[in-house]
Amino acid sequence: MSKFITVEEAVSKVKSGMTLMIGGFLANGTPNRIVEALSKTDVKDLTIIANDTAYPDKGIGLLITNKQVKKVIASHIGTNANTIQQFNDKELVVEFSPQGTLAERIRCGGAGLGGVLTPTGLGTVIEEGKEKVTVDGKEYLLEKPLHADIALIGANICDETGNAIYKGTTQNFNPMMATAADVVIVEAQEVVKTGAISMEQVHTPGIFVDYIVK
């Protein structure tokens, strides 16, 4: 059965109120065609899990600018003035998670783990409302796993079964997000025949991928 769908079909799977993971770093490695198409719909009240909210006119920032997002879980928002303004105006909830912690929470969601213990954030606003655990006399924060309804992934190369490669910094968050959602949609810059990618090159095995957008 073919995994290929159009951008429009990919966008149609996103419904108001869903939680989305969107890969990349400042729109690099982000499935920008899908995100741009989503920004032109009336889908709203989304929760976005991502490293950042990119720029006002690019990547995830388009969804913020159009006020389609109710909550963001991210490591920083400083490159998008609209995110900051909506946060200050209490139109948008922002949950800050240190970058490494965010990556680990997503990994835990994909691996079925109950969370990660980390000292990062102790003594800061990050620890507010979180459980603390002491191990061998040292205190840690319990950071709980993250999971999404849909993960939108950006790959450089993908074969017909969904085996994906991310070049350079496009690897940011994409591989782990592909394990932590009910539905995974990959937007591929290049599609090759199955078998054209050697096994040791694969970053995301096709078994994790439900749909491919060329």
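Placing unit charges on the Cβ atoms only, positive for Lys and Arg and negative for Asp and Glu, gives segment 39-161 a dipole magnitude near 180 debye about its Cα centre.
Backbone geometry of segment 59-70 corresponds, through the Karplus equation with coefficients 6.51, -1.76 and 1.60 at θ = phi - 60°, to 3J(HN,Hα) couplings of x, 4, x, 4, 5, 5, 4, 7, 6, 9, 10, 9 Hz, x marking Gly and Pro. By accessible area, using a 1.4 Å probe on protein heavy atoms only, the chain has 52% of its surface on carbon and sulfur. For the pair segment 74-145 and segment 189-209, the centres of their Cα atoms are 32 angstrom apart.
Accessible surface computed residue by residue for the chain, with neighbouring protein chains in place and a 1.4 Å probe, gives 47 Å² per residue. In this structure, the residue pairs whose Cα-Cα separation is over 31 Å, taken from K13/K193; K130/K167; K130/K214; K15/K90; K90/K132, are K130/K167; K130/K214. The residues neighbouring V93, those whose beta-carbon lies less than 15 Å from its own, together hold a net charge of 0 under the Lys/Arg +1, Asp/Glu -1 convention.
Which of the three applies to segment 25-142, rounded, prolate or oblate, going by the alpha-carbon gyration tensor with a ≥ b ≥ c and a/c under 1.5 meaning rounded? Judged from the Cα gyration tensor, segment 25-142 comes out prolate (a/c at least 1.5, a/b above b/c).
The values are calculated or read from the model by the stated rules, or taken from the named source; none is laboratory data. Owing to the predicted nature of the structure, the values given are computational and were not obtained by experimental measurement. In this analysis, Cβ positions are derived from the backbone assuming ideal geometry, glycine residues included, and neighbour counts consider all displayed protein chains. Surface accessibility is based on the protein's heavy atoms, side chains included, excluding ligands, DNA and RNA. Shrake-Rupley method; radii C 1.70, N 1.55, O 1.52, S 1.80 Å.
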